[in-house]
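Shown next, in structure tokens, is the structure this report addresses.
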Amino acid sequence: MSDIVIIGGGVIGLTCAYEIASLGATVTVVDRQQVGQEASWAGAGMLPPGQCSGPSALRNLAKQSTERWSQLSAELLSQTGLDNGFRQCGALQISLENCETILPEVEAWAAAGVEAERLDSSGLMQYEPMINEQFEIGYRLPTMAQVRNPHHLQALKQACLSLNVKLIEGFDVREFSLVENRIESISDGSTVIHADQFVLASGAWSEQLAGLIKIDLQVEPIRGQIVLMKLPEPIITHIIEDGPRYLVPREDGHVLIGSTEERAGFVKENTEQGIQGLIDFATRVVPKLKSAEIVKAWSGLRPKARRGYPFIGQHDQVENLVIAAGHFRDGLSQSPATAQLICDYLFDRQRPVGTESLAFTEENYGET
């Protein structure tokens, strides 16, 4: 028996567990496999300096997460001795095919209060001399940051354990015991776990689990493939982005190249076409990567809410169920503020104005 059970041990679930346990509640996290092994582990660790589109509540969530990341990283380092790799590296935004989007994006970031420096070809090459000189326009986000996903998840796990969070791995939820409009317990077929409140944060599997209690959550898996390349020493220092594709440099000469967006169900594998497309993209952007070693490739399943933005908040039909699901590409970056908002619901704290639009209600759960 715990005060709160969190279903899902990815970056959202573990961050929620950390924040909740820090407030003194007893927390159990259950996961169908080892914690932190799905989309949270597979991502590239990019932390945008906010968000310049989407609902205002989501933009505010992104802003609050940006403001929290430095402090959270310092807390985890202090409590566990583990460095999650948080650093502000900046980003260059370019476009191989849609240059007309660059200026509107610069204006949108400025409207969101985020510094965005418009650049011509010489400006881009001043910041990254190895970038292809064909790019005539782009912009720089100097406050873009990154973390090392596996390192961050390990630090979160250790911090949770230090706060007596119980982690139960290999617990595949098969049944909810629902009495009237409250969940009393969950079961994997052999073990029953009771709690006062439940948090559903199961990433791409959230829709399946919600379906066990007749909730139409509408979250689907979107496969993303990533390639890891290596040079003897770093040749770029900024993250370089072009729409959904990116190059993320590490200080040891590794470069992460991502990412595809594929509707492939729950098939988590790499394809020749997907990997070759990423390599071709990387070498067009930074030609010197043609000499890089291909270290490995992997894929992950991002949880995309069909309505276009995540579900974060109290379910309107099950009074002790709070949902945090459907963050798609932003689960890592938005995890700090998501966890704080979940705490607001669980502990009946005052919530930021407008955030009710993120919760699951009959009025706002469908597609947009």
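The values are calculated or read from the model by the stated rules, or taken from the named source; none is laboratory data. Nothing here was measured: the structure is a model prediction, and the numbers come from that model. Every residue, glycine as well, gets a Cβ built from its backbone with ideal geometry; the counts of neighbours run over all protein chains shown. Keep in mind that these areas ignore ligands, DNA and RNA; they rest on the heavy atoms of the full protein, side chains included. Shrake-Rupley method; radii C 1.70, N 1.55, O 1.52, S 1.80 Å.
Checking the structure you have, find out if any residue of the range 18-25 is under 28 Å from Pro221 (Cβ atoms), surrounded by fewer than 24 Cβ atoms within 10 Å (Cβ to Cβ), aromatic (Phe, Trp, Tyr) and in contact (Cβ under 8 Å) with a residue 60 or more places away in the chain.
Within the range 18-25, not a single residue is under 28 Å from Pro221 (Cβ atoms), surrounded by fewer than 24 Cβ atoms within 10 Å (Cβ to Cβ), aromatic (Phe, Trp, Tyr) and in contact (Cβ under 8 Å) with a residue 60 or more places away in the chain.
What's the number of the condition Ala297 fails, among (1) assigned to a helix (DSSP H, G or I); (2) among the small types (Gly, Ala, Ser); (3) in contact (Cβ under 8 Å) with a residue 24 or more places away in the chain?
Here Ala297 meets the rest and fails (1).
Please verify whether Gln126 is on the phi < 0 side of the Ramachandran plot and open to solvent by less than 10 Å² (accessible area, probe 1.4 Å), treating the condition exactly as stated.
No, not satisfied.
With (1) modelled with pLDDT of 95 or more; (2) open to solvent by 70 Å² or more (accessible area, probe 1.4 Å); (3) not basic (Lys, Arg) as the list, and Trp41 as the residue in question, which single condition is left unmet?
Every listed condition holds for Trp41 apart from (1).
Check whether at least one residue in the range 129-136 is assigned to a helix (DSSP H, G or I), aliphatic (A, V, I, L, M), at pLDDT 95 or above and open to solvent by 70 Å² or more (accessible area, probe 1.4 Å), and report yes or no.
Within the range 129-136 (the criterion being assigned to a helix (DSSP H, G or I), aliphatic (A, V, I, L, M), at pLDDT 95 or above and open to solvent by 70 Å² or more (accessible area, probe 1.4 Å)), the answer is no, since none of the residues qualifies.
Considering (1) open to solvent by less than 10 Å² (accessible area, probe 1.4 Å); (2) within 24 Å of the chain's Cα centre (by Cα); (3) within 28 Å of Gly211 (Cα to Cα), say which one Ile183 fails and leave the rest.
So Ile183 meets the others, but not (2).
Name every residue in the range 210-233 that is without any contact (Cβ under 8 Å) to a residue 24 or more places away in the chain and in contact with a Gly (Cβ under 9 Å, 6 or more places away or on another chain), in order of residue number.
Listed by number, the residues that qualify are Pro232, Glu233.
Just to be sure before I move on: is Gly326 at positive phi, modelled with pLDDT under 95 and touching a Ser or Thr at 6+ places or on another chain (Cβ under 9 Å) in the structure I sent?
Answer is no for this residue.
Among the residues that make up the range 138-146, is at least one of them open to solvent by less than 10 Å² (accessible area, probe 1.4 Å), within 16 Å of Met46 (Cα to Cα), in contact with a helix residue (DSSP H, G or I) (Cβ under 9 Å, 6 or more places away or on another chain) and not aromatic (Phe, Trp, Tyr)?
yes
How about the range 71-102: which of its residues are over 21 Å from Leu247 (Cα atoms) and open to solvent by less than 70 Å² (accessible area, probe 1.4 Å)?
Correct list: Leu72, Ser73, Ala74, Glu75, Leu76, Thr80, Gly81, Leu82.
Working only within the range 168-180, note down all residues that are surrounded by fewer than 21 Cβ atoms within 10 Å (Cβ to Cβ) and within 23 Å of the chain's Cα centre (by Cα).
Listed by number, the residues that qualify are Ile168, Glu169, Gly170, Asp172.
Please list, ordered by first then second residue, the pairs with beta carbon atoms under 9 Å, 6 or more apart or interchain, first in the range 196-209 and in contact (Cβ under 8 Å) with a residue 40 or more places away in the chain and open to solvent by 40 Å² or more (accessible area, probe 1.4 Å), second part of a strand (DSSP E or B) and polar (S, T, N, Q).
So the pair list comes out as Asp196/Ser2.
Conditions tested, residue by residue: (1) touching a residue at least 60 places away in the same chain (Cβ under 8 Å); (2) closer than 18 Å to Gly243 by Cα.
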| position | (1), (2) |
| --- | --- |
| Glu107 | no, yes |
| Ala111 | no, no |
| Arg118 | no, yes |
| Gln126 | no, no |
| Ile137 | no, yes |
| Leu141 | yes, yes |
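Those residues that are surrounded by fewer than 22 Cβ atoms within 10 Å (Cβ to Cβ) and either of a type in the set (Lys, Arg) or in contact with a Lys or Arg (Cβ under 9 Å, 6 or more places away or on another chain) (or both), I need them from the range 217-237; list them, please.
Selection gives Gln218, Glu220, Ile222, Leu228, Lys230, Leu231, Pro234, Ile235.
Checking the conditions here, which among Ile323, Ile257, Ile342 is over 19 Å from Gln51 (Cα atoms), open to solvent by less than 10 Å² (accessible area, probe 1.4 Å), of a type outside the set (S, T, N, Q) and touching a Gly at 6+ places or on another chain (Cβ under 7 Å)?
Exactly one residue qualifies, and that residue is Ile323.
Test Gly331 against the stated conditions and say whether it is in a helix (DSSP H, G or I) and open to solvent by less than 40 Å² (accessible area, probe 1.4 Å).
For Gly331, the condition - in a helix (DSSP H, G or I) and open to solvent by less than 40 Å² (accessible area, probe 1.4 Å) - is met.
Show me the strands (runs of 3 or more DSSP E) entirely contained within the range 234-287 in which 3 or more residues are at positive phi.
none
Could you tell me which of the residues Ala91, Ala159, Ala112 is under 22 Å from the mean Cα position of the chain (by Cα), aliphatic (A, V, I, L, M) and within 30 Å of Asn320 (Cα to Cα)?
Ala159
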